[in-house]
């Protein structure tokens, strides 16, 4: 029939067609392949997600019509990495693809392929249930999106207790500064290759020879500390501690050295005791500690990593791991200090040119502070900053000092603006600088060139200085260095008036100043009494070493001005050594030193650096601190071992000198010596692992010293010698070896030792061979997959297909964007015959294997490169084919909602636009609801597959035979009820103009009184909104629905279209299939099926 163009479109047609708008994806099935179904706590499982078309091939074109195919991946015990945390709220919203390597992630398929990987925390074991649902995301005309399920599956993964969580050893291998930290400095052995040259460098996980030396800015979050274990399977909790280097070292209850955080009276540091701790999960021998913004105290910090239930730590014997915390560089305040607390006001006629002690005055200096109270630079572009000293008490002249902090001053300290007595930084050394006797509180104010206060820099806290009438006359008796802990005659001390004349008592003796306070150059203070007989002197006894012969002398009561005395070379030197200790680079005692990595000659070497043997006197002063050290200074030491061979890598070749270091001289270019140029000779103990002298186990190394004063003349050092790792086998893991055409899957390959542990020894070289087995006829693409950590925003990371680590998220103050660490996936194609070093990846690599459109076979062989013929190897042979559906019985076919062809005794699958998703329900009163019934159908041409919307080519007015079939899986609640199956057919005229509305004519198909199929207009007026649903006549009636009839096939049409006039407009047939309940409710399929003319 030739239907004219019309605007006829009934309200009921729009109501019935108001279901989801399909993008007509050709993806109809899923295949989900793990690289392994068993892992260990702290392990990783890779998951390939494949969308298949009707031919069982990976559907490369499933998204070509605008379809978005998304896999929902959930894990009960693991953390799913890749994709997005949400599926998108709009049809056009981007969703990230995933990557291989209790959470839910949404992964978009790209050309039919998706990737995720699942990590398992170190404390998780048992059976994990992983569910995957593959679905199409489609737009809903009323707004938002809906999802139509394509396929689903459930996988189980056994998570076993790892064979060894013990890290064996720990190493801090790098520090990465935060991207926003412009002052910070990244430091590690190997920097990652940066795709964008403007990106900051990142660190690879590789052991570093020597310690890290990095920097960060106070208060900036986002820095990362990388920790690596000697055991690539290590999994557990790592604690990374930042400990300020000037924290005091104390003894714990067991007499062991510790640097526990101290507060209050326990803290002996003038600057306070600072320690920051961070927790990190170690997985597969790697951990990353993320620093927050709480590290605010500037200074040098030791970086130490420890592992729960592991006695060792990351600290090397010789090389320290340090992180310098820098001030912000933005001045926010001022601090002023003075060299004295009490000074004398000289008399009016005092001769300042005499340089007498009465006119010493006190030095005043200031420094800029950042917002955290750290001394900071004047580098903010504000120019010179003048410091105005203000005395509200009128004791000092406000113009006595002229202090300036120069522009771009790195230290931020004041300098005197001149060199004369009136322009220096000392107050009280010139006439009229001290106005009167009394106690004052000086306040420093930062001012600009116009002497206007700088509002952004807060004034200093008050500095109290006491000005008195009388002073002291102090003359040194000591002329040479003194031993710590030894009493010595120090100074003569007299009380003087404000002219410097000695005052006497009623008996004519020099006036007694009372208890005298002595302060050494180290800051150590003692209080002593002056002897009241000639030469009227005081004795000193100091326990702390200082090289400076500078002493402050004052009376304890503060009645007289303090006097600074300098005696060239007369400092305090250490007493005789009485204690020797083996210390690590962070100054903590050690009793266990384990060997380094096994050498290529298969030997283990335990090295004991000379510099690590440190001697102390009874007061804790280092005797081994002054270099260069000679035998006469600290004696010598030798070592013995019952199981190893002792060697002396020292100039003497027969012994070592405790505490000695040497310096690599400046090179020919004149480069200066730096801390990295400081070296140490070592005594070594070598252990053979093969032959008759092979040894494994704990050895006790006895170290003997010759220094006379030592209380104990020897130390016992334990070393644990491991049995050598040998390459035992190679293991390749993948869940199945039958792969769909066009697929991409992940395969994990592990190099194992003789005890089935990951082999991470030096040069674990493995050669890849592609094909070589009988029957191999196709060649796959093999790529190694690695994850790298780069700084990024969540959006950029998502676009790049990476995983954004939310734990590193922070706001960049420069542009207020959220930034953090993005875990990017990088791929490198591997060629046949090339060797790969598995040591670089701790014994395990993951490969992506891609195959094309050809069916066939291929094989991959991984072999020991040193012995590819007879050594360890593994071969995996794969079959590539289109997925073949297994044979299905009639009952299985019908139960699955498909169509059973009785003539061919075969099952033909019907399209399932919404499997498990239920059907729409319209009640008799016109209100809507939902039903658990599943209704589907399709159209097939000839022997072809059923399709949801089948194109039917029309030529010469006739077409091939076609078939329309539907299936209803009734709601269980409807069993026992009377059922009336109804069929509604829409004839849609497809107009050429995009501005015309395609008219739809609605017909119903029913069974007449004679039992024949009948076909007529459902409503002549084309409007069913005013007609009761009971108007629709039944196509099939079931008096009482039984369990046996719960799945009912509904054949609708089978035949050929004949006498079709092809001169009219194209048209489409849309079938709505449903059933009516006794209460008048109608249940129907929301997504119509049918066919359309294709000419």
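We did not get these values from a lab; they are worked out from the coordinates using the rules stated. Being a predicted model, the structure only gives us computed values, none of them experimental. Positions of Cβ are backbone-derived with ideal geometry, glycine not excepted, and every protein chain shown enters the neighbour counts.
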Looking at region 333-468, send over the antiparallel percent of its DSSP beta bridges, to the nearest 5. 90 percent
Among 1084, 319, which comes first, then next, by fewest other beta-carbon atoms within 10 Å? 319, 1084
Need one word for region 509-662: rounded, prolate or oblate. Basis is the Cα gyration tensor (sqrt eigenvalues a ≥ b ≥ c); a/c below 1.5 gives rounded, then a/b vs b/c decides. prolate
If we count other beta carbons within 10 Å of each Cβ, what is the order of 531, 386, 177, fewest first? 531, 386, 177
Taking alpha-carbon centroids only, region 354-371 lies from region 757-797 a number of Å equal to 67 Å
Would you kindly state how much longer the chain becomes between residue 679 and residue 111 on full extension, computed as 0.36 nm times their sequence separation minus their alpha carbon distance, in nm to one decimal? 198.7 nm
Along each of its three principal axes, how wide is the spread of alpha-carbon positions in region 471-573, in whole angstrom units, largest first? 41, 23, 22
Provide 551, 619, 410 in ascending order of the number of other Cβ atoms located within 10 Å of each residue's Cβ, fewest first. 410, 619, 551
When a/c reaches 1.5 or more, the comparison of a/b and b/c decides; with that in mind, is region 722-881 rounded, prolate or oblate per its Cα gyration tensor? oblate
Note the full-extension length gain between residue 795 and residue 486 as 0.36 nm times their separation in residues minus their Cα-Cα distance, in nm to one decimal. 104.4 nm
Please state the shape class of region 333-468: rounded when a/c is under 1.5, otherwise prolate if a/b exceeds b/c and oblate if not, all from the C-alpha gyration tensor. prolate
What percent antiparallel are the DSSP beta bridges of region 722-881, to the nearest 5? 95 percent
